[in-house]
Amino acid sequence: MRLHYLAASLLLASAGSGSGGGGVGVEGFAFPAAASRGVSSGAFFASRRSHSRTLVASSARRLSVSYAAAPGSSASEGEDAFMDASMDDTAAEVYSSDELDKEDKEEEDEDEDDDLPKAPGHDLGILLTWDLDDTLYPLTPVIGRANIAFSMMMSKLGYTDVSPRDISRTVKEIRSEYNDDPELFPPTYVQLRTKAIRREMVRFITRKNLEAVAVDEGTDVEKLTGPIVTLAETKAQRSLDNSAVRAVYDAWESERHAAADANVYPDVAPMLKRLKRDYPHAVMGAVTNGAANPLKMPLTLAPRFDFSVSWGDDGIARKPDRAIYEAALERYKEFAPEDKPMRVWIHIGDDLAYDVGGSSAVGAKTIWTDLTEDYGQTAEARLWVDDPATAERPAWSTAPEEELVMRKKLAEGAKDRITATVSQMSQIPDAVRRIVRDVLDE
């Protein structure tokens, strides 16, 4: 059984630290760094430095919808915890990015009044890249809310008994199919979820068609012959409107961003502000395999981030492949001042294999966010399990067992590549200072 996107990753342990040239892609495909300079038409890349963006700021968490169970929908485990979410009544204030910059300047002035020493390398060009899920916010409540939005949209379109758990099961099914066939190029998470939604819709329509035939024939659905079933499936494929698939996916992704925005760890905002004070020329970017984009989180992350690089943008491979990190290095050049060539690159994330192992192989210093239990990280439960076949993983986790085995091996090999470890988000600025100082002393 072949794990396309992980097999090549075993080469990371011996990979060089240079950022030039084309890296080894999944299944042996090469992804030159030059190909990563653009973004796909669906990506949302906006620079807070080059565009004045209206940003919404609230003094408390904002939950976009007060949910009730969709009529006829079947909610997956864990969703009940989100059913009573209520709209925050706090009046929102609107700030432009210029006003946020003014606030940063005022904070810097206050810090100077306190006679705080400047950070080492204060004026240097620095790149800070971040993982998102389970690094800056907990993934479980985010997926929970997104799944409720999914159920509501499916019900609205008439698919009343297709649940998020059905989609998770189908995603696993599709991933296994790609792992089993070496000729298939693995789809991104966005493509996987879209394919799963479509497949479940086709199954739903096929079942309804067969039920109608069974009524006409005065028999049970189970007794219908193969040709009739094949004809029903073909009709379902032809009748399915792709816009319905897209509407469901968009509802899920939109709520995923809203939920992430509402669940960013409370100590992230002051941590990012301090980093901005310490390193005013630092470029902030996200490197993610998932569907998240910090520039779509206006309450929290968008004001502080410059770019996001995601698996699937212009053919970029997933973490821990070199290409996705090389793409981030290319993006740095777009946002850094001309007189600030990059001197230090630090990647921060929760995944030993994908964040620590992947980025360090391309030359990054690393900060592993092994946070305390109250942060609600899930990596230990969904990635580094002793027996993937029996482990109780989150209901939304779709990684095949074979991938988990491979990923655990990669994680073990990445432990000696950790530059610093933090258990609280507030520790990150000090960790960055120490790393920058050590680099300057080299």
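The values are calculated or read from the model by the stated rules, or taken from the named source; none is laboratory data. No experiment lies behind these values; they were computed from the predicted model shown. Here Cβ is always computed from backbone atoms with ideal geometry, including for glycine, and neighbour counts include all displayed protein chains. When the accessible area is computed, the model is the full protein with side chains, heavy atoms only, and any ligands, DNA or RNA have been set aside. Shrake-Rupley method; radii C 1.70, N 1.55, O 1.52, S 1.80 Å.
Peptides 149-159, 311-321, 231-241 ranked from most to least packed give 311-321, 149-159, 231-241, packing being the mean of other C-beta atoms within 10 angstrom over each peptide's residues. Extending 7 Å from the Cα toward the beta-carbon at both Asp370 and Ile228 defines two label points whose distance is 6.0 nm.
Modelled label positions at Glu177 and Asp220, each set 7 Å beyond Cα in the direction of Cβ, lie 2.8 nm from each other. Report note on the peptides 212-225, 188-201, 123-136: ranked by the mean count of other C-beta atoms within 10 Å, highest first, their order is 123-136, 188-201, 212-225. For Glu401, put the label point 7 Å out on the Cα→Cβ axis and report which residues of the range 139-176 keep their amide N under 20 Å from it. Of the residues in the range 139-176, 168-176 have backbone N under 20 Å from the label point off Glu401.
Tell me the per residue accessible area of the range 301-380 using a 1.4 Å probe; a whole number in Å² is fine. Kindly include the intermediate steps, with their values, before the conclusion.
Numbers: 2290 Å² over 80 residues.
Solvent-accessible surface per residue comes out at 29 Å².
In whole angstrom, the range 315-355 maps to an equivalent ellipsoid with semi-axes of 22, 13, 6, each derived as √(5λ) from the alpha carbon gyration tensor and ordered largest first. Calculated accessible area for the range 140-277 comes out at 46 Å² per residue, all protein chains present (probe 1.4 Å; ligands, DNA, RNA ignored). All Cα-Cα separations within the range 173-315 were binned at 10 Å from zero, giving a P(r) of 10, 25, 25, 18, 12, 7, 3, 0, each value a whole percent of the pairs.
Estimate the FRET efficiency between Ser243 and Asp267 by the formula 1/(1 + (r/R0)^6), using the beta-carbon distance for r and 51 Å for R0, to the nearest 0.05. It comes out at approximately 0.80.
Taking 7 Å along the Cα-to-C-beta vector as the label spot, tell me the Val213-Glu334 distance in nanometres, rounded to one decimal. It is 5.0 nm. As a fraction of the 1.4 Å probe accessible area of the range 118-240, surface on carbon and sulfur atoms comes out at 53 percent.
Of the listed peptides 424-436, 247-259, 349-361, what is their order by residue-averaged count of other C-beta atoms within 10 Å, with the highest listed first? Kindly include the intermediate steps, with their values, before the conclusion.
Numbers: 424-436: 19.0, 247-259: 20.9, 349-361: 26.5.
Packing order, densest peptide first, comes out as 349-361, 247-259, 424-436.
Subtracting the Cα-Cα distance of Asp314 and Lys409 from their residue separation scaled by 0.36 nm leaves 31.3 nm.
Do the alpha carbons of any pairs in Lys276/Lys365; Lys273/Lys319; Lys319/Lys340; Lys118/Lys296; Lys365/Lys415 sit beyond 23 Å of each other, and which pairs?
On the way: Lys276/Lys365 19 Å; Lys273/Lys319 27 Å; Lys319/Lys340 27 Å; Lys118/Lys296 32 Å; Lys365/Lys415 13 Å.
Among Lys276/Lys365; Lys273/Lys319; Lys319/Lys340; Lys118/Lys296; Lys365/Lys415, the Cα-Cα distance tops 23 Å for Lys273/Lys319; Lys319/Lys340; Lys118/Lys296.
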